[in-house]
Each structure stands twice: as C-alpha cells, then as structure tokens.
Amino acid sequence: MATKTTQEDFYEAVEAASVAPLWRQFNGEQPTEPSPLPPFMWRWSSISPLTERAAREVPMEDVERRVLSLKNPHRGVAGPGTTKNLVGAIQTLLPGETAEAHRHSGNALRFVLEGHGAETIVDGKTCLMEERDLILTPLLSWHAHRHTASEKIVWFDALDIPLFRHMNASFYEEGPPPNLPPQSPDAAFLQGGLTPVDGNARPPYSPLFRYPWAAVLQALSDMPAADDGSRTLRYTNPATGGPAMTLIDCFVLALAKDRDTIPYRTTSDALCVVADGEGESQIGEHSFTWQRNDIFTLPNWSWISHKAVSGDAKLFLVTDRDAIDRLGMLREETRA
Ligand code: 1HN
C-alpha cells in the first residue's frame, strides 16, 4: 500500500475538520457560462390540451387551485421552480367555479392567456380579468378568484416562492380574510403622474392591482421605438416609479417584424410569455421559434436576442431584475 504524502494527509485533515482550501474552490469569479440552468420552453400546443384535461378530470373540490406549475427539468432543487427565484404555472377555472381566499409570503401575478370575465379579489378590491391583463396579488395580500363568464379561463401565474423557500421564509394562510384596512381604488392611480394622498397604507408594492392590456397597447403606441425597432414598457408602482412588487419586475417587449433586437445579457432571470405574434429567440447557444402563449425562460448571463416573424410581436417578461439590482448584483451588457 502506497504511503500517504504529507500533502494528501493535510487535505484529508482539512476536510475532516469541515474547512475547505479556497485555492481549490475559487473559479476566477465569473457567472458560469453557458448557464447551468439552460433555457427551456413550454409550448402552448402541449400545455393547452393539459388545461382541457385538468378542467375535465380534476374537480375543484379535490384541489385548492387547479394549477400546473412549470417544473424546469434542468433545475435540480426540490419544490416548485422555473428559474432560480421564480416559478411559472398555468391555472384553469371553469364558469361557476371559485378558488377560495388565501395568502402567502411570496408575491404572485396573473396574466390571462385565454378566456375572460373572471375576477380576482385582492385585499377586497375586485379586479376583472380580460385577455392579456396583468393582475397583481402581492406578498401577504388575500386573494380569491371567481369565474362567472361562459367559457373557461386560463391564466399564467408567476411567483417568487422559490426564493422565499430558499431563504426558509415562506408562509401560507387560508382564509377567510379578517377585516382589511381600506384600499385606494385602482382608478385613482390610472392618471399618470398623479397619486392620491389619502392616508391609506402604502405597502412596498403597487397599489394598482390590475394593469389592463388596453393601457399597455396605448402606452406602446405613444412611445418611440429603439434603434432596433423594439419598444419596452415596464409595469411600475405608480406611487414610487419602482417595480410592481418587491421581488418581481415585469415588462412588455414589443418587437418589429424581421428586426433582431440588439443582443444583451443580464444577471437577472426572466420568464417570457408570448403575448402576441410569432418569432424566434437566440438564447446563448439555443434557438427557439415561438407562437402565441408559448412560455420560455431567459437564463441569466446568456446572450439574448429576439425577432418577430410574419408580423409584429409582443413578449411579456416576468423578472427578478429589480431585486437583483437592490442586492447590488445587477450587471448588464449589450453587444454593439
Ligand atoms: C400558488 O400558491 C398559486 O396561490 C399559483 O394561486 C401557482 C405555483 C407554485 C406554487 C404556489 C396561487 C403556484 C402557487
């Protein structure tokens, strides 16, 4: 048997004492490239039939919410997760059904993929859900859903629960909600640049809970295009100009037909929903073609460029960008 060298003995002693030599761990400090969590796409053509089956085969009495979460097969962590910090999901509600009130520490949002006429009640405010509307249900807000229109409704959920779980800070409570403090009506925030000073609490999230798609289309048509023909809107908290919610920062990216967007990379992650049109995205070494309601991830520090084909297109982006920025971790680059 070969005798142990002094060095081998040293490394064994180090490991046995639960310490680690930095010189064997340091990687020069750069984000790993290509991303350890490669991009992944869920096509509407695969997801839509599952929402049909869920509606037929899974009674609401058996489940609190009829939610299929987008489980990223590359993410080797237990529990829900689509990117490191965000989880996307698909929720289906049939006419006459309700999802009872609950609340949780994670922020959540709803973006309507198909159908209309449901309502989400957020801390007592009723928010209509029309196609492509964004509804916020921020951290610890009580929220219930009810549907009274004639066709089933399907929406995209996004939550920051993976980060709360990672921090062991995830809480959950079932309703009914207690008496709630007064809320300022959404309509009071819809005049740009004017915010009511009415004594109501201003928690660290947008007091506007519904962002109608019609308002997005109007704002897009009122703004100039960038050099690559694209237009970007951010969903902001009208009281502060900051992100809509503490850990979730949303955008709409409108693409001009046949124009590649300038490639960029960022240390934030995004979930991307195809709100309108058809196109292609280059994400690191991966190429994807996409259509309406397809959903895909944009992993951090991958070079990203999008292009609309056969007409203009719009992407809805859910990101952790502002949270990463407030942590001092945001770095972004564009390729000339
Ligand atoms: C959740 O709590 C909801 O409250 C929706 O509506 C989707 C996906 C993963 C984990 C929790 C909801 C979810 C979720």
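Every read-out reported here was derived from the displayed coordinates using simple, explicitly stated rules and does not represent laboratory data. None of these values were measured; they are calculated from a predicted model. Because the Cβ atoms are built from the backbone with ideal geometry, glycine has one as well, and the counts that use them run over all protein chains shown.
Observations on the structure shown:
- Added length on full extension, which subtracts the Cα-Cα distance from 0.36 nm per residue, residue 17 to residue 329: 109.1 nm
- Over the chain, dividing the summed -39,500 (n - 2.57) contributions of all DSSP H runs of at least 4 residues by the number of residues returns a 222 nm mean residue ellipticity of -4000 deg cm²/dmol.
- Extension gain, residue 292-residue 225: 0.36 nm per intervening residue step, less the Cα-Cα distance, totals 21.9 nm.
- GNM top mover of 217, 180, 271 - the chain, alpha-carbon springs below 10 Å: 180
- Springs between Cα atoms under 10 Å define the GNM used for the chain, and in it the highest mean-square fluctuation of 90, 47, 248 occurs at 47.
- Note on the chain: lysine pairs with Cα distance below 27 Å, sequence gap of 8 or more or different chains, count 10.
- With the convex hull constructed from alpha-carbon coordinates only, the range 49-134 shows a mean projected area of 6.7 nm² over all directions.
- Linear extension gain, residue 57 paired with residue 232, 0.36 nm per residue minus alpha-carbon span: 59.0 nm
- Cα-based shape type of the range 204-329, given that a ≥ b ≥ c are square roots of the gyration tensor eigenvalues and the cut on a/c is 1.5: oblate
- Choice from 158, 78, 270 showing the highest fluctuation, given a GNM over the chain with Cα pairs closer than 10 Å: 78
- The per residue volume of the convex hull around the alpha-carbon atoms of the chain is 197 Å³.
- The chain: relative contact order in percent, alpha carbon pairs under 8 Å with at least 6 residues between: 16
- Each listed q (0.22 Å⁻¹) maps to a log10 I(q)/I(0) for the range 1-107 from the Debye sum over equal C-alpha point scatterers, namely -1.26.
- Panel note: the C-alpha atoms of the range 52-101, placed on their principal axes, show extents of 37, 24, 15 Å (largest first).
- Kirkwood hydrodynamic radius of the range 207-279, from inverse mean 1/r over distinct Cα pairs, in Å: 13.9
- Longest exposed-site-free window of the chain, the sites being trypsin sites (Lys or Arg not before Pro) in a DSSP loop that have at most 14 other C-beta atoms within 10 Å: 66-330
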